[in-house]
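Trainee: Provided herewith is a single structure, encoded as structure tokens, for subsequent inquiry.
The values are calculated or read from the model by the stated rules, or taken from the named source; none is laboratory data. The shown structure was predicted, so the numbers you read here are calculated from the model rather than taken from an experiment. Cβ: placed from backbone, ideal geometry, glycine included. Neighbour counts: every protein chain shown. Note: accessible area is taken over every heavy atom of the protein model, side chains too, but ligands, DNA and RNA are not part of it. Shrake-Rupley method; radii C 1.70, N 1.55, O 1.52, S 1.80 Å.
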Amino acid sequence: MSEPAPAIPPQFIIAGYGLPGRFVAELLEFRNIPYCVIETNEDVALRCSNAGTPIIFGDVRDEQTLRRAGITGAKFLVISIPDEQATFEAVAIAKRLNSSIRIVIRTSYTSAGLHAQQLGADDVVVAEQVVAREFFRVVESRLPK
């Protein structure tokens, strides 16, 4: 499955169309901001493409896939995949192709987030920190007043 580059150059590229990627895409749709999704699951990419989602099948670590998605002119890359090693590789490749792109990633642990920032990630969503904040909120709400 080989798709052409997006008709409208995207401001955002979203790697991964699981729940985090879909939430970002919904926000961009609401704001009428052009984006392109990169998805490694060919069935998901085909189904979503047929439904009108600007999505291409490929791996965010592949330079040609990033180019097809519009990396050279994009302003943001959101890497929402759960594979930290792939994320690290993608950050380095994306920064080489577009040194001014702002990269937002997800990691499971703070240490991985720090490593990704050393590679060039600008913003990191760390799962263990999100879970910690939610535990705090839930437990605090249950404490006697």
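Trainee: Report relative contact order for the range 18-79 in percent, whole number only (criteria: Cα-Cα under 8 Å, sequence separation at least 6).
Mentor: Worked out over the range 18-79, it gives 27 percent.
Trainee: Can I ask one more? Restricting to DSSP loop positions (anything but H, G, I, E, B) with no more than 15 other Cβ atoms inside 10 Å of their own Cβ, which GluC sites (Glu not before Pro) remain in the range 64-145?
Mentor: Here no GluC sites (Glu not before Pro) fit, given the DSSP loop and packing criteria.
Trainee: In a Gaussian network model over the chain where Cα atoms closer than 10 Å are linked, find which of V131, V44, V104 has the largest mean-square fluctuation.
Mentor: For the chain, modelled as a Gaussian network with Cα springs under 10 Å, the answer is V131.
Trainee: If the viscosity is 0.890 mPa s and the temperature 25 °C, what Stokes-Einstein diffusion coefficient in µm²/s follows for the range 49-125 when Rh is the Kirkwood radius over Cα pairs?
Mentor: For the chosen part, D equals 194 µm²/s.
Trainee: Another one. Go ahead and estimate [θ] at 222 nm for the chain from helices alone: -39,500 (n - 2.57) per DSSP H run with n ≥ 4, summed, over the residue count, rounded to 500.
Mentor: -14500 deg cm²/dmol
Trainee: Here is a further query. In the range 85-140, what is the volume of the convex hull around the alpha carbon atoms, normalised per residue and reported in Å³?
Mentor: 64 Å³
Trainee: Could I ask something else about it? If you roll a 1.4 Å probe over the heavy atoms of the protein chains, what accessible area per residue do you get for the chain, in Å²?
Mentor: Result: 58 Å² per residue.
Trainee: If the elastic network links every pair of Cα atoms under 10 Å, which of N98, N41, N32 fluctuates the most in the Gaussian network model of the chain?
Mentor: Of the options given, N32 has the highest mean-square fluctuation.
Trainee: What percentages make up the Cα-Cα pair-distance distribution of the range 17-145 when the bins are 5 Å wide from 0?
Mentor: Histogram of Cα-Cα distances, whole percents per bin: 2, 10, 18, 21, 18, 13, 7, 4, 3, 2, 1, 0.
Trainee: While we're here: Which residue fluctuates most in the GNM of the chain (Cα springs below 10 Å): G73, G113, G16?
Mentor: G73
Trainee: I'd like the carbon and sulfur percentage of the solvent accessible area for the chain, probe radius 1.4 Å, heavy atoms only, ligands and nucleic acids excluded.
Mentor: Within the chain, the accessible surface is 56 percent carbon and sulfur.
Trainee: Roughly how many debye, to the nearest 20, is the charge dipole of the chain about its Cα centre, given +1 on each Lys and Arg Cβ, -1 on each Asp and Glu Cβ, and no other charges?
Mentor: Here the size comes out at about 500 debye.
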